[in-house]
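The values are calculated or read from the model by the stated rules, or taken from the named source; none is laboratory data. Note that this is a predicted model, so its numbers are computed, not measured. Ideal geometry is used to build each Cβ from the backbone, glycine not excepted, and the neighbour counts take in all protein chains shown.
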Amino acid sequence: MELVVALGLIAFKVALLIAVLLLLPLPLTWMERKIAGHMQQRMGPMRVGWHGLLQPMADGIKLLTKEDHIPAEADRFLFKLAPILALAPPFVVFVAIPFGETVSVLGAEITLYVSNMNVALLFVFAVIGLEVYGVIFGGWAANSKYALLGSLRTCAQMISYEIPMGFAVIGVVILAQSMSLVDIVRAQADLWNIVYQPIGFFVFFVAGLAEAQRIPFDLAEAEGDLGAGFHTEYSGIRFAFFMVSEYVIMVLVSVLVVILFFGGWNGVLIPLPPLLWFLLKVAFFVYLFMWFRFTFPRYRYDQLMTIGWKVLLPLSLANIIITGIVFS
Amino acid sequence: MSRALDRVGTWVGWAFFADLASALGLTFGYMFSRSVTMQYPDKEKWLPYARYRGHHFLKRDAEGEIKCVACELCARICPCDCIEVVPYEDEKGNRRPAKFEIDTARCLFCGLCEDACPADAIALGQQYEFSSFSSRDLVIGRDDLLLKPGKAASGGGVVAARLDTQKTVLVEANEPRGYNWWRNIRRR
Ligand code: SF4
Ligand code: SF4
């Protein structure tokens, strides 16, 4: 009986998580377009619903009813597989993400995470790395030069930036003496990691921008020079898969930044519910991502590589050494 | 010396992302500025300035007679060759246009016809909504030109408007003056 209840609870959490994550891009696209509009002295969507609130719905319906086109020369199997490969890993990662400690519902204590793995951080990095397969396959299978160039860039970019990203969190792991995300947040109850790890945060955040393929590192889909990069040839719902994946990764990177460096659900000064604190911080970083997108130009490819290997990697290594010496 | 200091200052600024921060500040400021979008045609509409060069109109004199003396100077000066005037002599012995046609499809709204006219008979008014499905409808004759709206008295504002597609596509403005669009936007 116990087991059944526990399993049912997990199934419920997973279902809830999937539903929320699938619906999340709707408000996020609206937000992004509104922010883009206002930063460019436009208004953004205004016509569908109040201030364009229903615009994402309209776009979704449009994408669902569009022709699902597969190029004649494409590798059909990989072409169909790629969007799913791009979509699944970001969802899987959220299994290991804690959103808070516990809430009591009807007298029962329910934890706000699906699982508290003791290697959660490793799991996150392992699974998030799989997302690149969707992008690479998508670009390769489409058999188009723009898509291929986009996915080649992604390949190099992901390899270059996952290394400093991985190194950047080692400082956090040293501080928390654990790789479990719950323990990492608990260790920040008094003082957030950003105080001890400013370099680590900087490296992680920049690498996260590159990982989420947002401006200024969105070379994979650089619309200026590659059409739309790896998803040039995609249309309809398959294209929507890539977009959903992109937004979920954006949220994921924000969540990771908050958990690792900004104290997770630990609040300061104002006593809000922990979950609310957490969501507020995540929302701030999501906004930051969008703010960056409409402020900065895109880096050139060689600049991207220079930043990755000559700036972020040495910085992250120095961060490990300093943290190790100071806290040993 | 001070140049060297300046350079050091620049490098220190770069090290702490002063350039990126100022860019972010700029976009943030714009985010809360008034947008330049005019929600034409079903919510807002722009009223032209008094000097605006819109659709031509022909004027009448105090007796209600058409002012044009069919001298054809406007037709001569028109760089697009889009005015056609055919004169006749009316009952009082005055020279008047029997036919006065402007092909607004070819007109570039330079206003030279207005400048050239010795009788102050033609001018470019405030009307700017005269799109049409056929370029033949854009050839406007004498009687229609007499009915076209004249110069705007004031203008340069954005007013609330309503789109009326019952009879013809018509954007109705409900107030005489709105907010000054040009003053309201943020420029740098
Ligand atoms: S405005 Fe210029 S182009 Fe148009 S009719 Fe007059 S002279 Fe010709
Ligand atoms: S409108 Fe003026 S310039 Fe043109 S024919 Fe008449 S009087 Fe002459």
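Laid out as a table, the results:
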| quantity | calculated |
| --- | --- |
| One residue from B:GLY93, B:GLY125 being closer than 28 Å to B:ALA62 by Cα, of a type outside the set (Asp, Glu), at pLDDT below 90 and surrounded by fewer than 17 Cβ atoms within 10 Å (Cβ to Cβ) | B:GLY93 |
| Yes/no for A:GLY267 being buried (at least 22 other Cβ atoms within 10 Å of the Cβ), small (Gly, Ala, Ser) and more than 16 Å from the chain's Cα centre (by Cα) | no |
| Residues of region B:43-81 that turn out to be hydrophobic (A, V, I, L, M, F, W, C), surrounded by fewer than 18 Cβ atoms within 10 Å (Cβ to Cβ) and within 16 Å of ligand 2 (Cβ to nearest atom), as a count | 4 |
| Failed criterion for B:ASP120 (all others in (1) more than 15 Å from ligand 2 (Cβ to nearest atom); (2) touching a residue at least 12 places away in the same chain (Cβ under 8 Å) hold) | (1) |
| Given (1) within 14 Å of chain B (Cβ to nearest Cβ); (2) surrounded by fewer than 14 Cβ atoms within 10 Å (Cβ to Cβ), number of the condition A:PHE289 does not satisfy | (2) |
| Matching residues in region B:123-140 - criterion: being in contact (Cβ under 8 Å) with a residue 12 or more places away in the chain and either within 14 Å of ligand 1 (Cβ to nearest atom) or among the aromatic types (Phe, Trp, Tyr) (or both) | B:ALA123, B:LEU124, B:GLY125, B:GLN127, B:TYR128, B:PHE130, B:LEU138, B:VAL139, B:ILE140 |
| Some residue of region B:65-77 being touching a residue at least 60 places away in the same chain (Cβ under 8 Å) and near ligand 1 (Cβ under 7 Å from one of its atoms) | no |
| Residues located in region A:4-54, provided they are assigned to a helix (DSSP H, G or I), within 14 Å of chain B (Cβ to nearest Cβ) and of a type outside the set (Gly, Ala, Ser) | A:MET31, A:GLU32, A:ARG33, A:LYS34, A:ILE35, A:HIS38, A:MET39, A:TRP50, A:HIS51 |
| Residue among A:LEU269, A:LEU209, A:LEU275 that is free of Cβ contacts under 8 Å to residues at least 24 places away in the same chain and not acidic (Asp, Glu) | A:LEU269 |
| Boolean, A:PRO71 is in contact (Cβ under 8 Å) with a residue 60 or more places away in the chain, buried (at least 16 other Cβ atoms within 10 Å of the Cβ) and not hydroxyl-bearing (Ser, Thr, Tyr) | yes |
| Which listed residue, of A:PHE12, A:PHE91, A:PHE77, is aromatic (Phe, Trp, Tyr) and in contact with a helix residue (DSSP H, G or I) (Cβ under 7 Å, 6 or more places away or on another chain) | A:PHE91 |
| Condition met for A:ILE320 (surrounded by 15 or more Cβ atoms within 10 Å (Cβ to Cβ) and modelled with pLDDT of 90 or more) | yes |
| Enumeration of residues in region A:200-250 that are assigned to a helix (DSSP H, G or I), crowded, with 22+ Cβ neighbours inside 10 Å and of a type in the set (Val, Ile, Thr) | A:VAL203, A:VAL244, A:VAL248 |
| So A:GLY129, is it crowded, with 19+ Cβ neighbours inside 10 Å and within 30 Å of A:ARG153 (Cα to Cα) | no |
| Residue tally, condition within 10 Å of chain B (Cβ to nearest Cβ) and either surrounded by fewer than 17 Cβ atoms within 10 Å (Cβ to Cβ) or in contact with an Asp or Glu (Cβ under 7 Å, 6 or more places away or on another chain) (or both), over region A:292-308 | 1 |
